[in-house]
Amino acid sequence: MLVSTSLIALVVSSQKIVHRDIKPENLLITDSGTLKIGDFGAALQYEEYPEFVRETCGTPAFIAPEMLDPEIDQFDPLMSDIWSAGLTLFYFVTSSCPFAADSVPDTFEKIQAEKLVCFLY
């Protein structure tokens with residue numbers, strides 16, 4: 001499942017779709033153990049890669065840093081999906097969200113200021 005989680009953004013993008021809200025709650029496992037992704041409400045379909053966007057969307061704790069940077073006026077949503085898939089994988093391994101905070105502004109501040117560090121023993 002861990003390999004599937006880390007590749008899910010790339011699989012979705014192979015269909016010329018960016019999900020834009022990858023998080024644990026949007027990943028489903030079938031009875032046979034197949035990993036599926038749900039909730040395409042924020043998804044975009046694109047014609048040619050890369051196609052940059054300006055709109056920030058998704059679940060605050062899983063938003064990529066470039067989405068919050070005021071100096072970046074456009075970003076690659078596929079790279080943001082890969083970031084979110086990585087944080088989802090981190091969550092599955094550690095049972096914690098690395099940038100969770102008591103408020104959305106505090107979460108955004110942590111995403112922008114803190115480095116992602118994981119020590120597994």
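The values are calculated or read from the model by the stated rules, or taken from the named source; none is laboratory data. For clarity, every value in this text was computed on a predicted model and none was experimentally measured. Reconstructed Cβ throughout: ideal geometry from the backbone, glycine too, with neighbour counts over all protein chains shown. Areas reflect the complete protein model, heavy atoms only, side chains present, ligands, DNA and RNA absent. Shrake-Rupley method; radii C 1.70, N 1.55, O 1.52, S 1.80 Å.
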Report task. Return yes when residue 89 is modelled with pLDDT under 90, out of contact with any strand residue (DSSP E or B) (no Cβ under 8 Å at 6 or more places or on another chain) and part of a loop (DSSP other than H, G, I, E, B) and no when it is not. Result -> no
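Within the range 41-50, is even one residue more than 17 Å from residue 16 (Cα to Cα) and out of contact with any Leu (no Cβ under 8 Å at 6 or more places or on another chain)? Let's see the steps before the verdict.
Within the range 41-50, the subset more than 17 Å from residue 16 (Cα to Cα) is none.
Within the range 41-50, not a single residue is more than 17 Å from residue 16 (Cα to Cα) and out of contact with any Leu (no Cβ under 8 Å at 6 or more places or on another chain).
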Query raised in the report: Restricting to the range 34-82, what's the tally of residues that are open to solvent by less than 50 Å² (accessible area, probe 1.4 Å), more than 21 Å from residue 107 (Cβ to Cβ) and in a loop (DSSP other than H, G, I, E, B)?
Result: 4
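Pick from the range 93-109 the residues that are surrounded by 14 or more Cβ atoms within 10 Å (Cβ to Cβ) and part of a helix (DSSP H, G or I): which of them is farthest from the chain's Cα centre (by Cα)?
Taking the range 93-109 and keeping what is surrounded by 14 or more Cβ atoms within 10 Å (Cβ to Cβ), we get 97-99, 101, 107-109.
From what is left, the residues that are part of a helix (DSSP H, G or I) are 107-109.
Numbers: 107: 14, 108: 14, 109: 17 Å.
So, considering only residues that are surrounded by 14 or more Cβ atoms within 10 Å (Cβ to Cβ) and part of a helix (DSSP H, G or I), the one farthest from the chain's Cα centre (by Cα) is 109.
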Requested in this report: Please work out which residue is surrounded by the fewest Cβ atoms within 10 Å (Cβ to Cβ), limiting yourself to the range 16-27 and to residues that are over 19 Å from residue 97 (Cβ atoms) and modelled with pLDDT of 80 or more.
Outcome: 17
